[in-house]
Protein chains: 2
Amino acid sequence: MDDLTQLIELAEKLADISGEIIKQYFRQPRIEAETKAGAISSIVTIADKEAENAMVEIILKEAPNDGIIREEGENIPSQNGRYWVLDPIDGTASFVRGIPSFGTLIGLVNLETNEPLIGVINQPIMQERWIGIKGKSTLFNQRSLVNTYARDRDSKLTEACLISTTPFMFITDRQKAIAKSLQKVCQRTAFGGDCYNYAALASGWSSMPIVVLESDMNYYDFCALIPIIEGVGGVITDWSGNKLNHESTEVLATSNHFLWEQTIEVIRNIQ
Amino acid sequence: MDDLTQLIELAEKLADISGEIIKQYFRQPRIEAETKAGAISSIVTIADKEAENAMVEIILKEAPNDGIIREEGENIPSQNGRYWVLDPIDGTASFVRGIPSFGTLIGLVNLETNEPLIGVINQPIMQERWIGIKGKSTLFNQRSLVNTYARDRDSKLTEACLISTTPFMFITDRQKAIAKSLQKVCQRTAFGGDCYNYAALASGWSSMPIVVLESDMNYYDFCALIPIIEGVGGVITDWSGNKLNHESTEVLATSNHFLWEQTIEVIRNIQ
């Protein structure tokens with residue numbers, strides 16, 4: 001399978017199947033449940049694993065030469081350099097509360113060239129799906145998105161909303177200092193939201209331009225986000241301004257290049 | 001108007017009208033817009049004010065002897081001790097991101113006896129409405145809620161999810177120390193969520209029992225939550241374990257009494 005259209009169809013199939021499974025477990029008020037193997041596990045872990053396994057099964061069948069990088073199980077090597085990068089439930093803290101701002105992340109990347117090809121954020125409860133495709137406009141529920149901030153040259157950090165899922169992701173003194181500096185500069189700071197923050201940024205929904213600053217990230221936490229953010233004229237890099245790769249852990253995403261430059265400037269001034 | 005049924009109908013009317021207004025402004029990607037008066041203001045401020053004014057207009061007409069305590073405009077004194085306590089958009093940080101986990105809070109309280117009579121959380125985008133009525137089971141979209149954790153004697157703080165909208169709400173050293181202690185004890189800590197955290201607690205949706213710990217609160221931030229939490233067997237008090245009143249600023253809500261006792265014990269040990 002090498003045709004991009006077919007790969008997009010496969011990505012959508014993965015979003016469909018994982019969404020069906022996750023929906024069954026959402027807002028189920030039990031602390032623990034029995035897994036198929038008889039072990040006791042938390043609902044979110046069960047939903048995570050079952051959704052991931054279902055996606056892996058389909059990839060192995062339909063794209064047997066592709067590799068898999070995943071949150072729960074072991075990675076599977078690729079025969080062609082291409083990897084599916086899976087996070088069934090990004091935002092477990094929202095999932096366990098019953099708040100539908102978690103998402104399923106499905107990325108497809110050529111790891112040899114570090115070229116993200118496809119990215120999907122799927123929110124099965126809200127029936128919202130974002131699809132980023134390398135070099136194309138990002139789709140939201142099949143329609144092209146317009147990020148009104150993309151060309152807004154007047155964007156100022158002092159008028160932006162700074163978002164991080166949790167302050168606990170800033171671990172080193174340098175990370176804490178950077179977060180603190182940006183919190184001082186930006187008009188508003190918000191927490192929570194997980195992948196939905198990137199979806200909101202891409203959608204241009206926010207009533208102010210957005211800066212997402214996160215660290216302590218894994219590849220499966222952000223791989224899918226790259227084509228989604230880039231496909232609306234947003235910027236997503238590491239904190240040094242470099243292209244993200246599978247070893248990156250610090251992620252910066254902004255509504256446009258102007259805000260990105262101002263953010264990188266603040267970061268550079270912190271030793 | 002003194003009949004409880006009529007007052008509930010009025011509360012629902014307020015939720016309907018504010019919801020219609022707020023929906024028009026949600027996910028509108030503009031930084032600023034012109035108000036009716038010609039001034040430039042942010043979308044969230046406009047939505048907040050217009051929704052509040054619409055509710056106030058109805059109260060003045062249909063319950064002219066009742067007072068009003070509100071987020072945006074000036075308070076209106078009561079002729080009968082009863083006050084409507086209004087927060088049109090609780091969770092502006094979610095609203096500005098386009099995340100539907102904000103809510104409209106409508107409380108009705110007899111301030112002379114500190115007796116909360118009615119509480120509404122309305123989420124106009126998700127079309128979700130929680131109604132708490134003094135002494136009755138809390139309703140979610142007209143159906144009685146079951147909080148499966150209410151009688152769970154085995155609930156342990158070490159298995160609970162601790163939630164606060166933002167770490168910045170802990171201002172004094174004592175507040176910071178209490179938050180830190182509880183973050184260490186609880187299994188999971190989550191941020192964001194605003195009033196939706198209390199709604200999730202009341203709904204028993206979460207896959208683990210919930211402790212919500214918040215400070216720097218205003219009366220309109222929590223008045224409506226009291227009958228909603230109490231109507232499902234949850235507990236909501238201040239951090240000293242006392243009944244909340246219009247001067248309280250520290251709020252603690254738990255899925256049941258057992259968790260509440262354990263939380264208060266942790267708080268008591270902090271000087």
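Values as computed for the structure displayed
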{"quantity": "Using a 7 Å Cα-to-Cβ projection, B:GLN24 label spacings across copies, nm, ascending", "calculated": "4.4"}
{"quantity": "Extension gain from A:GLU57 to A:LYS136, taking 0.36 nm per residue of separation minus the Cα-Cα distance", "calculated": "25.6 nm"}
{"quantity": "Mean projected area (nm²) of the alpha-carbon convex hull when the protein assembly as shown is viewed from all directions", "calculated": "25.1 nm²"}
{"quantity": "Cβ nearest the rotation axis (A onto B), residue from chain A and distance to the nearest whole Å", "calculated": "A:GLY192, 1"}
{"quantity": "Beta bridge orientation in the range B:157-268: antiparallel %, DSSP, nearest 5", "calculated": "50 percent"}
{"quantity": "Spin-label pair A:VAL185/A:GLU265, simplified geometry with 7 Å Cα→Cβ offset, distance in nm", "calculated": "0.7 nm"}
{"quantity": "Largest-first ordering by accessible area, 1.4 Å probe, given options B:SER137, A:SER155", "calculated": "B:SER137, A:SER155"}
{"quantity": "Solvent-accessible area buried by A and B, counting both chains, probe 1.4 angstrom, square angstrom", "calculated": "3400 Å²"}
{"quantity": "The range A:62-141: GluC sites (Glu not before Pro) in DSSP coil with no more than 12 other Cβ atoms inside 10 Å", "calculated": "A:GLU74, A:GLU112"}
{"quantity": "Label spacing, shortest first and in nm, from B:VAL185 to its equivalents in the remaining copies (7 angstrom along Cα→Cβ)", "calculated": "4.0"}
{"quantity": "Calculated label separations, B:HIS257, copies of the chain, 7 Å along the beta-carbon direction, nm", "calculated": "6.4"}
{"quantity": "The range A:221-271: GluC sites (Glu not before Pro) in DSSP coil with no more than 11 other Cβ atoms inside 10 Å", "calculated": "A:GLU247"}
{"quantity": "Highest-first arrangement of A:82-88, B:11-17, where packing means the average Cβ count within 10 Å", "calculated": "A:82-88, B:11-17"}
{"quantity": "Gain on full stretching of the segment that runs from A:ASP16 to A:ILE76 - 0.36 nm per residue minus C-alpha separation", "calculated": "19.4 nm"}
{"quantity": "Nitroxide proxy distance, nm - points 7 Å out along Cα→Cβ at A:THR172 and B:GLN6", "calculated": "6.7 nm"}
{"quantity": "Of every Cα-Cα pair in the range A:4-144, the percent that sits beyond 24 Å", "calculated": "30 percent"}
{"quantity": "Ellipsoid equivalent to the range A:146-271 - semi-axes via the Cα gyration tensor, in Å", "calculated": "19, 17, 13"}
{"quantity": "Residue among A:GLY19, A:GLY119, A:GLY81 with the largest mean-square fluctuation in a Gaussian network model of chain A, springs linking Cα atoms under 10 Å", "calculated": "A:GLY81"}
{"quantity": "Interface residues, the range A:187-218 - accessible area loss of 50 Å² or more versus chain alone, probe 1.4 Å", "calculated": "A:ARG188, A:PHE191, A:TRP205, A:SER207"}
{"quantity": "B:THR158 paired with B:GLU128, simple spin-label distance in nm, labels 7 Å along Cα-to-beta-carbon", "calculated": "3.1 nm"}
{"quantity": "Radius ratio Rg over Rh of the range A:73-171, counting only Cα atoms, Kirkwood formula for Rh", "calculated": "1.02"}
{"quantity": "q = 0.10, 0.17 Å⁻¹: log10 I(q)/I(0) that the Debye formula gives for chain B, counting C-alpha atoms only", "calculated": "-0.49, -1.34"}
{"quantity": "Within the protein assembly as shown, percent of DSSP bridges classed antiparallel, to nearest 5", "calculated": "75 percent"}
{"quantity": "Per residue solvent-accessible surface (Å²) - chain B, probe of 1.4 Å", "calculated": "41 Å²"}
{"quantity": "Probe 1.4 Å, all protein chains present, accessible-area order of A:PHE102, A:PHE258, largest first", "calculated": "A:PHE258, A:PHE102"}
{"quantity": "Kirkwood hydrodynamic radius (C-alpha pairs) into Stokes-Einstein, the range A:205-255, 4 °C and 1.567 mPa s, D in µm²/s", "calculated": "117 µm²/s"}
{"quantity": "Rounded to 5, the percent of DSSP beta bridges in chain B classed as antiparallel", "calculated": "75 percent"}
{"quantity": "Entries in A:LYS180/B:LYS184; A:LYS23/B:LYS243; A:LYS23/B:LYS13; A:LYS184/B:LYS23; B:LYS134/B:LYS180 that, when Cα-Cα distance is taken, lie over 27 Å", "calculated": "A:LYS23/B:LYS243; A:LYS23/B:LYS13; A:LYS184/B:LYS23; B:LYS134/B:LYS180"}
{"quantity": "Selected from B:ALA51, B:ASN65, B:THR5, residue furthest toward positive end of dipole (the range B:4-144; charges at beta carbon)", "calculated": "B:THR5"}
{"quantity": "Accessible surface of the protein assembly as shown [probe 1.4 Å, protein heavy atoms]: carbon and sulfur percent", "calculated": "45 percent"}
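The values are calculated or read from the model by the stated rules, or taken from the named source; none is laboratory data. It should be emphasised that the depicted structure is a prediction, and the values quoted were computed from it without experimental measurement. Virtual Cβ from ideal backbone geometry, glycine too; neighbours counted across all protein chains shown. We work out accessible area using only protein heavy atoms, side chains counted, and drop any ligands, DNA or RNA first. Shrake-Rupley method; radii C 1.70, N 1.55, O 1.52, S 1.80 Å.
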